[in-house]
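Presented below is the structure to which this report refers.
The values are calculated or read from the model by the stated rules, or taken from the named source; none is laboratory data. Quick caveat, the model's predicted, so the values are computed rather than measured. We work out accessible area using only protein heavy atoms, side chains counted, and drop any ligands, DNA or RNA first. Shrake-Rupley method; radii C 1.70, N 1.55, O 1.52, S 1.80 Å.
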Amino acid sequence: MTSIELVVLDMAGTTVRDDGVVEQAFQRAAERTGVAHRMPWDDALQYVRDTMGQSKIEVFTHLSGGDRAAAERATAAFEGAYDEIVAEQGAEEIPGAREAIEQLKADGIRVALTTGFAPVTRDALLDALGWHDLVDVALSPIDAGRGRPHPDLVLSALMRTGTSSVQAVAVAGDTVSDVRSGLRAGAGFVAGVLTGAHDEAAILDAGAHAALPSIVDLRAALAARELLAPTAAR
């Protein structure tokens with residue numbers, strides 16, 4: 001078995017508490033731009049839930065019926081709304097997330113954060129949490145080429161950190177898109193966590209190697225599968 005050298009973690013719902021913030025931001029963006037007016041509101045909201053984890057520009061392109069200019073306006077409105085909510089409510093980690101990341105780092109494992117958010121929103125979250133120095137790299141779709149469920153974010157994290165192979169990468173996220181992205185990249189271990197958007201059935205149906213209660217459980221899952229380097233496993 002190849003020991004894990006890099007762990008790629010999603011942000012909202014995986015390492016950062018969501019508590020409906022994405023849906024709140026979507027509602028504000030929809031009200032401000034009318035991007036979802038072509039379909040029933042419940043259908044639009046369900047689509048947002050189903051596509052959690054994906055690049056927001058792609059989500060809004062679908063909702064706008066393929067109108068890229070409208071999607072860009074809606075994406076900008078979404079990012080602005082999300083930033084407003086973070087400023088109003090603050091940002092909180094998933095309980096134990098920072099400690100879990102620090103333990104992985106202490107084991108000699110590099111850690112990357114990935115998100116479907118634009119860099120401005122990603123960085124606002126990192127600022128609010130004080131996490132800029134916690135991880136090796138934090139990536140948005142624009143940094144990688146394509147967002148999830150494409151493999152680009154995982155592969156970009158691999159290249160930026162100098163990880164030796166895709167088999168030495170573990171991926172964890174709370175959505176089907178996270179799982180599919182990890183699998184398409186060929187990651188050695190792909191886990192879903194149950195602290196965010198999608199439930200255990202959806203995570204396992206997408207092909208995850210495991211569905212974990214929380215990111216806190218990731219290191220134990222790696223150890224159980226003998227995926228930690230021998231010095232880290234002790």
**Asked** Can you run phi through the Karplus equation (6.51, -1.76, 1.60; θ = phi - 60°) for segment 173-188 and list ³J(HN,Hα) in whole Hz, with x for Gly and Pro?
**Response** x, 9, 10, 4, 5, 4, 4, 5, 4, x, 5, 5, 6, x, 4, x
**Asked** Gap in Å between the Cα centre of segment 184-201 and the Cα centre of segment 71-150?
**Response** 17
**Item:** Cα long-axis angle, helix 41-50 against the chain (0 to 90 degrees, to the nearest 10)
**Value:** 20
**the chain - percent of accessible surface contributed by carbon and sulfur, probe 1.4 Å** = 48
**Prompt:** If you work out mean projected area of the Cα convex hull in nm² from the coordinates, which of [x] 11.6; [y] 13.4; [z] 12.5 do you get?
**Reply:** [x]
**Helical contribution to [θ] at 222 nm, DSSP H n ≥ 4, -39,500 (n - 2.57), averaged over the chain, rounded to 500** = -14000 deg cm²/dmol
**Asked** Counting only heavy atoms of protein chains, what accessible area per residue, in Å², does the chain have with a probe of 1.4 Å?
**Response** 42
**Asked** Hey, got the Cα dimensions of segment 70-178 along the principal axes, in Å, largest first?
**Response** 40, 29, 23
**Prompt:** Can you give the convex hull volume of the alpha carbon atoms of segment 163-234 per residue, in Å³?
**Reply:** 79
